[in-house]
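All of the numbers you see were taken from the coordinates with simple rules; none came from a lab. All values reported here derive from a predicted model rather than from experimental measurement. Every residue, glycine among them, receives a Cβ derived from its backbone with ideal geometry; neighbour counts consider all protein chains shown.
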Amino acid sequence: MAFVFLPLVGAIIGWVTNYIAIRLLFRPITPWRLGLVVFQGLIPKRREQIAQKVGQVVADQLFSMDELSDRIDMASMQKEADRLTRQVVERWCQQKMGMLPGALRQVCSSYLRDMVAAEMAANFPRMAKTLLRRMREQVDVKKVVAEKINLLALEDVEKLVLDVAARELKQIERLGAVLGFIIGLLQAAVFHFLART
């Protein structure tokens, strides 16, 4: 009887223990007291530190402003800047030179558009480097990621983690049952051995 009962109880205890341990990562969300002991889930309790650490990892290893600037296709950016510059100058000329005769307005507009576009093309690399440098100075990836994580509702974080890792978490629960079963078998063997001596 011990070889059935003890492994079965061990399996149930192992499964329930791991099931509760997984849920205690997130629950309770708000701290509650039981005498002198305060209970709160690991993730809600350490949310700020987790957000800071994830932000640090993202900024250091996954995404940085330096990497962003390295991945920008400067040739296509310069073409886009040229196109936009030409559009802006054309629009400005149409608004400001409306009193000039059509042919004169067209000549002036084309000259001004080409001159400004050429000036933009000549200065674009320097301007782009300055803008990217300013972006690096102003955008703190670590801070942005930490703020985004802290803005997530803890229930949403829990649901996300449970959805993404559902299979692995079930395996952890089952592993608890298997280990509990093995421990129960060992207890039954020890109990049987002691009973025979």
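Quick notes on this one:
- Extreme residue, positive dipole direction of the chain, given options Q49, S110, I172 (C-beta unit charges): Q49
- This model, with +1 at the C-beta of Lys and Arg and -1 at the C-beta of Asp and Glu, gives the stretch 2-196 a dipole about its Cα centre of some 260 debye.
- Modelled FRET efficiency - R0 25 Å, V144 with Q171, Cβ distances, 0.05 increments: 0.15
- Dipole magnitude of the stretch 58-123, debye to nearest 20 (Cβ charges: Lys/Arg +1, Asp/Glu -1, about Cα centre): 680
- Computed helical MRE - 222 nm, the chain, DSSP H runs ≥ 4 contributing -39500 (n - 2.57), nearest 500: -27000 deg cm²/dmol
- Centre separation in Å (Cα based) which lies between the stretch 114-128 and the stretch 156-179: 56
- For the chain, the number of Lys pairs with C-alpha atoms closer than 22 Å, counting only pairs eight or more positions apart or on separate chains, is 12.
- Dipole of the stretch 2-196 [Lys/Arg +1, Asp/Glu -1 at C-beta], most positive-end residue of V37, I20, M77: V37
- FRET efficiency estimate (nearest 0.05) - Cβ-Cβ, Q56 to M127, R0 41 angstrom: 0.85
- The modelled label-to-label distance for the pair M135/Q78, using points 7 Å beyond Cα in the direction of Cβ, is 1.7 nm.
- The chain: relative contact order in percent, alpha carbon pairs under 8 Å with at least 6 residues between: 48
- What the phi angles of the stretch 22-39 give under the Karplus curve with 6.51, -1.76 and 1.60, with θ = phi - 60°, is a coupling list of 5, 5, 6, 4, 10, 10, x, 5, 9, x, 9, 9, 9, x, 8, 8, 10, 10 Hz, glycine and proline written as x.
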